[in-house]
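To start, the structure itself, in structure tokens.
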Amino acid sequence: MLRRKKSSSPEHKRDPAAHGGALSMSQNNTRSFFNFSQLVLSAGHLRSPPVLKHSKITYFEVEILDVQSKKQICIVDKVPPSSTLLDVKHKFHKACPQWYPSRVGLQLERNGPYLKDSVNIQSLAVSSIITLYFTDLGQQVGWTTFFLTEYTGPLLIYLLFYIRLSTIYDQVESTKNFRHPVVHLACFCHCLHYIRHLLETLFVHKFSGGHTPLKNMIKGCAFYWGFTSWIAYYINHPRYTPPSFGHRQVSLAALAFLMCEAGNHFINVALAHQNHSGSKACFPSPTYNPFTWLFLLVSCPNYTYEVGSWISFTVMTQTLPVGIFAFLMVIQMSLWAQKKHKLYLKKFYPEVRRKAAMIPIIF
Amino acid sequence: MAASGSGGSRADNGYGGQQQPRRRKGPGALATAYLVIYNVVMTAGWLVIAVGLVRAYLAKGSYHSLYYSIEKPLKFFQTGALLEILHCAFGIVPSSVVLTAFQVMSRVFLTWAVTHSVKEVQTEDSVLLFVVSWTITEIIRYSFYTFSLLNHLPYLIKWARYTLFIILYPMGVTGELLTIYAALPFVRQSGLYSISLPNKYNFSFDYYTFLILVMISYIPLFPQLYFHMLHQRRKVLSHPDEHKKSE
């Protein structure tokens with residue numbers, strides 16, 4: 001607010017001028033200088049400041065408590081209302097460097113669900129202080145790392161058994177016995193399967209959620225690596241018995257396996273491209289490619305093809321452990337397919353209504 | 001191994017910390033009636049086994065080879081515990097299906113796949129050791145459940161359930177391990193439940209190695225279960241009001 005001193009100075013100027021004289025002139029100069037300096041000093045805010053008193057920007061404070069001890073870990077302040085939970089997590093990470101954002105689980109109440117990163121802070125607030133409970137979700141690992149580790153293991157382990165390491169198999173027997181061609185074919189198919197998975201992880205898949213706990217990776221790796229060792233042991237054993245129906249069984253099963261692999265690949269490519277184009281609002285549609293026609297019958301054809309691959313592999317090698325592994329995979333894939341199918345039913349109701357989850361018509 | 005039969009360990013023993021609390025709707029009236037009958041029958045059954053043991057001891061004058069006098073009721077009532085897995089699966093008992101299944105299966109495994117299958121171990125003293133341990137534990141446990149369901153739990157039974165395991169559990173585990181160890185040479189000799197290569201389905205199973213692995217698995221599992229029960233004891237016996245139905 002400019003204080004109008006200018007009007008006073010001419011008045012003062014006028015009075016000494018009225019009295020006249022050089023003395024009055026110098027007095028006049030000092031006074032006008034004084035007035036000028038006052039003017040300069042008073043002109044601090046040349047522009048009127050933003051009207052803070054009626055401002056709508058209220059910053060939030062987020063208080064973060066430990067979920068078990070209820071002790072306060074830290075307060076994140078000056079949180080703008082437009083920010084998301086992820087921004088709060090980043091700020092929290094700066095304050096406590098050991099909790100990086102993907103490891104932080106925040107809940108509104110002690111037994112409530114974990115809040116998503118995309119949640120807006122304003123939607124959580126009842127006052128200007130928000131209280132959140134923190135849980136350490138454990139060491140996290142990226143999805144790409146997860147899948148690469150999980151698939152590289154079986155690839156290498158099977159090959160170790162294939163070359164018949166002397167520590168695993170009796171050397172005398174190994175050199176003596178003739179190896180049926182199905183053993184070589186099985187190795188080829190198994191490697192093909194995992195190489196395809198690895199290449200798809202690197203070049204095709206686009207992962208939505210960033211991370212998963214390390215524990216899941218260890219569990220998954222233990223499962224895959226353990227079972228691969230078990231099945232590789234029997235298929236490459238010197239006393240392996242080839243399938244009962246001979247070449248016919250092997251060739252038909254190998255053909256089915258290759259078809260399922262191709263189908264799985266095309267489905268994954270189609271799913272990845274669909275997300276890429278941004279049209280999240282439609283269920284993937286079959287194209288000219290006959291392998292994608294399974295989309296007409298089933299909502300999760302990638303699981304169908306995966307299950308098909310493993311069943312073909314079982315028939316091809318006629319090995320019970322592979323059958324057990326395939327059975328467990330069927331159970332696992334069915335559970336995942338069911339979940340996904342329910343999600344699709346909610347999102348894409350009319351199209352998905354008549355489809356099965358994983359096996360056409362049946363389930 | 002499930003000597004104390006903590007089939008009622010709930011999700012808050014460290015497994016379920018990250019999920020929403022399972023809303024425990026208690027069993028309905030019909031389910032409660034059924035559970036009371038089940039627990040009463042099981043208590044009676046194990047009492048029969050206990051009485052059978054005492055009578056056989058008094059009749060024979062020694063504690064050797066008492067297994068034969070209670071063989072049938074033991075098999076019947078221990079196998080009947082499989083129903084508890086279904087109880088958890090149907091939600092009328094608030095316990096984890098996996099944990100209960102694991103404990104019941106280990107008992108059933110010992111009853112059928114070791115003691116029944118390998119006849120030569122039935123005269124061992126270690127069999128008596130675990131049978132006695134199981135009998136006392138199960139009588140207390142099933143009466144605990146019965147009284148809990150009827151909401152009239154005497155403190156003595158609660159105390160017994162959460163205290164006697166301190167001795168009974170290690171006793172039972174010792175008996176079980178000694179029995180499996182005694183069975184090993186007979187399994188090796190007869191090739192019991194084992195299948196070897198080559199065969200049409202390219203599968204092999206060595207029961208001898210499997211039994212050794214089972215024995216080794218006691219090493220990580222027994223301390224966990226034991227300390228879990230100790231922890232439960234501290235919680236339950238120091239807060240008598242809050243944890244009326246805590247198992």
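The values are calculated or read from the model by the stated rules, or taken from the named source; none is laboratory data. As the structure is a prediction and not an experimental result, all values here were calculated from the model. All Cβ positions, even for glycine, are placed from backbone atoms using ideal geometry, and neighbour counts span all protein chains on display.
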task = Could you run through the range B:1-52 and say how many residues are at pLDDT 60 or above and either within 14 Å of chain A (Cβ to nearest Cβ) or outside any loop (DSSP other than H, G, I, E, B) (or both)?
result = 24
Test for A:G263: is it surrounded by 15 or more Cβ atoms within 10 Å (Cβ to Cβ), without any contact (Cβ under 8 Å) to a residue 12 or more places away in the chain and outside the structural domain of A:I235 (by the TED database) = no
request  = Considering only residues that are over 17 Å from the mean Cα position of the chain (by Cα) and among the aliphatic types (A, V, I, L, M), look in the range A:82-99 and name the one that is surrounded by the fewest Cβ atoms within 10 Å (Cβ to Cβ).
outcome  = A:A95
message = Whether any residue in the range A:111-121 is charged (D, E, K, R) and surrounded by 15 or more Cβ atoms within 10 Å (Cβ to Cβ) is what I want to check.
response = yes
query = Among the residues of the range A:239-249, how many are within 14 Å of chain B (Cβ to nearest Cβ) and closer than 15 Å to A:P181 by Cβ?
reply = 7
query = Hey, among A:K89, A:K116, which residue is charged (D, E, K, R) and within 17 Å of A:K78 (Cα to Cα)?
reply = A:K89
request  = Could you tell me whether any residue of the range A:283-295 is in contact (Cβ under 8 Å) with a residue 40 or more places away in the chain and within 14 Å of another protein chain (Cβ to nearest Cβ)?
outcome  = no
note = So the helices (runs of 4 or more DSSP H) completely within the range A:271-353 holding 2 or more residues that are within 23 Å of the chain's Cα centre (by Cα) and either in the same structural domain as A:W225 (by the TED database) or at pLDDT 85 or above (or both) are A:301-317, A:320-347
request  = Output the number of the condition that B:F130 fails; it satisfies all remaining conditions of (1) within 23 Å of B:H87 (Cβ to Cβ); (2) part of a helix (DSSP H, G or I); (3) not basic (K, R).
outcome  = (1)
Residues of the range A:203-252 classified as of a type outside the set (S, T, N, Q) and within 25 Å of A:A186 (Cβ to Cβ), total = 26
key: Matching residues in the range B:62-84 - criterion: being within 12 Å of the chain's Cα centre (by Cα) and more than 20 Å from B:H116 (Cβ to Cβ)   = B:E84
note = The helices (runs of 4 or more DSSP H) lying entirely within the range A:104-203 that contain at least 2 residues which are under 30 Å from A:T228 (Cα atoms) are A:143-162, A:171-176, A:181-203
ask   = If you go through the range B:81-110 one residue at a time, how many are surrounded by 20 or more Cβ atoms within 10 Å (Cβ to Cβ) and assigned to a helix (DSSP H, G or I)?
value = 10
Residue that is farthest from the other protein chains (Cβ to nearest Cβ), among those in the range B:178-218 that are assigned to a loop (DSSP other than H, G, I, E, B) and under 26 Å from B:T123 (Cβ atoms) = B:L192
Pair list, Cβ under 6 Å, 6 or more apart: the range A:223-238 residue facing another protein chain (nearest Cβ under 10 Å), other residue in a helix (DSSP H, G or I) and among the acidic types (D, E) = A:P238/A:E173
key: Evaluation of B:I167 against (1) surrounded by fewer than 18 Cβ atoms within 10 Å (Cβ to Cβ); (2) within 14 Å of another protein chain (Cβ to nearest Cβ) (one fails), failing number   = (2)
Per-region count, the range A:311-350, residues more than 14 Å from chain B (Cβ to nearest Cβ), closer than 30 Å to A:S251 by Cβ and polar (S, T, N, Q) = 3
request  = Would you mind telling me which numbered condition in (1) surrounded by fewer than 21 Cβ atoms within 10 Å (Cβ to Cβ); (2) modelled with pLDDT of 85 or more; (3) within 20 Å of A:F291 (Cβ to Cβ) A:P360 fails?
outcome  = (2)
ask   = Which of the residues spanning the range A:204-222 are assigned to a helix (DSSP H, G or I), touching a residue at least 24 places away in the same chain (Cβ under 8 Å) and of a type in the set (K, R)?
value = A:K215
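Matching residues to (1) touching a Ser or Thr at 6+ places or on another chain (Cβ under 9 Å); (2) within 14 Å of chain B (Cβ to nearest Cβ); (3) surrounded by 17 or more Cβ atoms within 10 Å (Cβ to Cβ); (4) under 30 Å from A:C191 (Cβ atoms):
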position	(1), (2), (3), (4)
A:P80	no, no, no, no
A:P101	no, no, yes, no
A:Q107	yes, yes, yes, no
A:L148	yes, no, no, yes
